[in-house]
Amino acid sequence: MKDHFAAILRDKGVEKLCRMAAGYERMASSNRENIVKLQENARMTVSCEEDFREFQRNARMAVVLYAMAAKQKYAPAQYKLGRCFEEGFGVEENKDEALKFFTKATKQGSASAQKRLADIYARGDVPGVGREQAEMLYKAAALGGNEEARAILGAAGAVGGGGGGGGGSGEGGASAAVGTAPAQVSADRVAGRSRARS
């Protein structure tokens, strides 16, 4: 089976592989929803067991495909693989592996990974990495277009102008604090600090 996906990767590219992984992830999520509905209705039947097996198969397949795409240094796949490890979706839950893949995607400028890594840092889950690094990543994610990061910064009063204008306005907001290439520079700086703890 892996040979088949390796051929797809070679012929169609990493984005196609990642889209296939997302399809398996959607199917697995649908199976999970069916399982929950059956359990809520107290109908733990053969159907529920079949849905559970199908969920496991689809989730594992999504992980395999995300891993193949992540190996190609494809940031969206690295982020999704990090989420799989974080949630135990198709793999054994492993927070260290999740952190590793979020960091890889962050270094490539993935706004979603920057926001997720900022969440982890803000909770204090990584020794030696503080709120300051989390805020730097929230700013980079916000500048990269992550709306959740913008909302977090807005609620904390860390965003300069609420809506207008592009970057570099000179206000005390994210643009001024992070610089002209914020996503990459900030991510590298923070990822480097988090690696120093290992």
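Quick note: the coordinates plus some simple rules give every number you see, no bench work behind them. Just so it is clear, the structure is predicted and the values come from calculations on it, not from any experiment. No Cβ is skipped: glycine too gets one built from the backbone with ideal geometry, and neighbour counts run over all protein chains shown.
Evaluated at q = 0.19, 0.23, 0.26, 0.28 Å⁻¹, the base-10 log of the normalised Debye intensity for segment 47-107, with identical point scatterers placed on the Cα atoms, takes the values -0.62, -0.82, -0.97, -1.07. For segment 48-69, the residues whose amide N sits under 16 Å from a probe point set 7 Å from the Cα of Glu87 along the beta carbon direction are 55-67. Taking other residues whose beta carbon is less than 9 angstrom from the beta carbon of Ala113, and scoring Lys, Arg as +1 and Asp, Glu as -1, yields +4.
Pairs from the list Lys71/Lys139; Lys16/Lys80; Lys12/Lys115; Lys12/Lys107 with a Cα-Cα gap above 23 Å: Lys71/Lys139; Lys12/Lys115; Lys12/Lys107.
Relative to the current alpha-carbon distance between Asn94 and Lys73, full extension at 0.36 nm per residue lengthens the span by 5.5 nm.
The HN-Hα couplings worked out from phi for segment 15-23 by the Karplus form 6.51 cos²θ - 1.76 cosθ + 1.60 (θ = phi - 60°) are 5, 5, 4, 5, 5, 5, 4, 4, x Hz, whole numbers, x standing for Gly and Pro.
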